[in-house]
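Report on the following structure.
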Amino acid sequence: MSQRLPRVVVTLGDPAGVGAEVTLKALTDEGLLASANWLLIGDRTAVEAAEHTTGISLAWLAADFRDLHMLPPGEPVQLGALRAEYGKAAAAYVATATNLCLDGEADAMVTAPLNKEAVTLSGLKFTGHTEYIADICAERHGVSDSRMLLAGVKFSVVHVSTHISLRKACELGTDRIIRTILLGNDAVKLLGHKRPRIAVCGLNPHAGEHGIFGVEDEQFIRPAVEACRAMGIDCEGPVAADTIFFRAAAGSHDLIVAMYHDQGHIPMKLLAFDTTVNMSIGIPIIRTSVDHGTAFDIAGKNIADADNMRAAMRMAITMARNRIALSESSNESSAPQTLAWSADARA
């Protein structure tokens, strides 16, 4: 029996940004369009602006559209404008898509970029997609242990901490590092690595140089690595962050565990800006995203590149297919599971 096509919901992001534009452009790829049943979530006025920009009509694409009517009807979108109502609308798109996945009405979600400042101006407490989606999942399923993973062609990066201050990110805990390694290991298995090779970054220069440049590496990170190795995880560390990304790009590792946001983001964006996909792991749903912002400066100019959106869509399809196959082969229910499965699924 052939496997059913996954249903993938796409949020169009901030109406003033390039989200709707890159989504329409991505779906002109006939192979991608035919690989899933697509549902776009947004506002009709934002779609109309993207249609005008690109010359691509949503009616030409085999994709469903749900208009949330968050914006005044008939009022043109001001492309490139920072507005609270646009931030509120973008957050509503994400909440709707998350709930569709939690309800089993969609197999995965892909998020176009929104603007954190615009969302905050609307009065919502918001630090990022990952945390916002995790909060919704926690309210409904008690799941709040999320992480951000950047999946690249050559290797992936998972972060122990993301959208917090650097000072706070230095307040490491061995348990959180262990959990991050385990979640990253499980997620990278879904990407095709049966036994991922993992490198865990140090926090300090040269991974602390055995305590010369700081005690955190030996006090918190090394015990976490040793605990995971005892569980059968193929990991090493703490390793110097200034060299490990170069080694991984040459094929040494499948996953790098970064201690804080910029430690992982800067090298990934330098090495693979257009192909890196942002994933949320440790939540009950599949969520991927572009790894770029709203690009207000080029919105409406028809120069936004859709390659990163295509990559995010393809990864969502791959992961959804793997989950569907696992569910069908084991006769499990279609209720959402923790991505990547659970901390105990480490065979």
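The values are calculated or read from the model by the stated rules, or taken from the named source; none is laboratory data. In this text, all values refer to a predicted model and were calculated from it rather than measured experimentally. With ideal geometry, Cβ positions are generated from the backbone for all residues, glycine too; neighbour counts draw on all protein chains shown. In case anyone asks, the SASA skips ligands and DNA or RNA and just uses the protein heavy atoms, side chains included. Shrake-Rupley method; radii C 1.70, N 1.55, O 1.52, S 1.80 Å.
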Restricting attention to the stretch 191-208, and to residues there that are farther than 21 Å from residue 260 by Cβ and touching a Ser or Thr at 6+ places or on another chain (Cβ under 8 Å), which single residue is most open to solvent (accessible area, probe 1.4 Å)? 197
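Could you please let me know if residue 225 is modelled with pLDDT of 95 or more, of a type in the set (A, V, I, L, M, F, W, C), buried (at least 22 other Cβ atoms within 10 Å of the Cβ) and more than 24 Å from the chain's Cα centre (by Cα)?
Numbers: modelled with pLDDT of 95 or more: yes; of a type in the set (A, V, I, L, M, F, W, C): yes; buried (at least 22 other Cβ atoms within 10 Å of the Cβ): yes; more than 24 Å from the chain's Cα centre (by Cα): yes.
It is true that residue 225 is modelled with pLDDT of 95 or more, of a type in the set (A, V, I, L, M, F, W, C), buried (at least 22 other Cβ atoms within 10 Å of the Cβ) and more than 24 Å from the chain's Cα centre (by Cα).
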Can you give me the number of residues within the stretch 21-55 that are in contact with a strand residue (DSSP E or B) (Cβ under 7 Å, 6 or more places away or on another chain), more than 16 Å from residue 108 (Cβ to Cβ) and open to solvent by 10 Å² or more (accessible area, probe 1.4 Å)? 1
Within the stretch 73-84, can you find the residues that are surrounded by fewer than 17 Cβ atoms within 10 Å (Cβ to Cβ) and either hydrophobic (A, V, I, L, M, F, W, C) or in contact with a Ser or Thr (Cβ under 8 Å, 6 or more places away or on another chain) (or both)? 73, 74, 75, 76, 81, 82, 84
Residue under question is residue 324, and the condition is that it be among the aliphatic types (A, V, I, L, M), modelled with pLDDT under 90 and buried (at least 20 other Cβ atoms within 10 Å of the Cβ); does it hold? no
Limited to the stretch 92-107, what total is found for residues that are farther than 16 Å from residue 20 by Cβ and free of Cβ contacts under 8 Å to residues at least 60 places away in the same chain? 3
Can you name the residue in the stretch 307-322 that is more than 13 Å from the chain's Cα centre (by Cα) and of a type in the set (A, V, I, L, M, F, W, C) and is also nearest to residue 12 (Cα to Cα) among such residues? 317
Could you grab me the full set of residues in the stretch 283-304 that are of a type outside the set (S, T, N, Q), surrounded by fewer than 17 Cβ atoms within 10 Å (Cβ to Cβ) and under 20 Å from residue 56 (Cα atoms)? 298, 301, 303
Residue check, residue 10 under 30 Å from residue 140 (Cβ atoms), open to solvent by less than 20 Å² (accessible area, probe 1.4 Å), in contact (Cβ under 8 Å) with a residue 24 or more places away in the chain and hydrophobic (A, V, I, L, M, F, W, C): yes
Any idea which of 179, 147, 167 is among the basic types (Lys, Arg), over 22 Å from residue 93 (Cβ atoms) and open to solvent by less than 50 Å² (accessible area, probe 1.4 Å)? 147
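Considering 127, 162, which residue is in a loop (DSSP other than H, G, I, E, B), in contact with a strand residue (DSSP E or B) (Cβ under 6 Å, 6 or more places away or on another chain) and not basic (Lys, Arg)? Walk me through how you get there before you give the answer.
Details: 127 fails: in contact with a strand residue (DSSP E or B) (Cβ under 6 Å, 6 or more places away or on another chain).
Result: 162 is the single residue among 127, 162 that is in a loop (DSSP other than H, G, I, E, B), in contact with a strand residue (DSSP E or B) (Cβ under 6 Å, 6 or more places away or on another chain) and not basic (Lys, Arg).
On the basis of being in contact (Cβ under 8 Å) with a residue 12 or more places away in the chain and acidic (Asp, Glu), does residue 21 make the cut? Spell out how you get there, then give the answer.
Working: in contact (Cβ under 8 Å) with a residue 12 or more places away in the chain: yes; acidic (Asp, Glu): yes.
It is true that residue 21 is in contact (Cβ under 8 Å) with a residue 12 or more places away in the chain and acidic (Asp, Glu).
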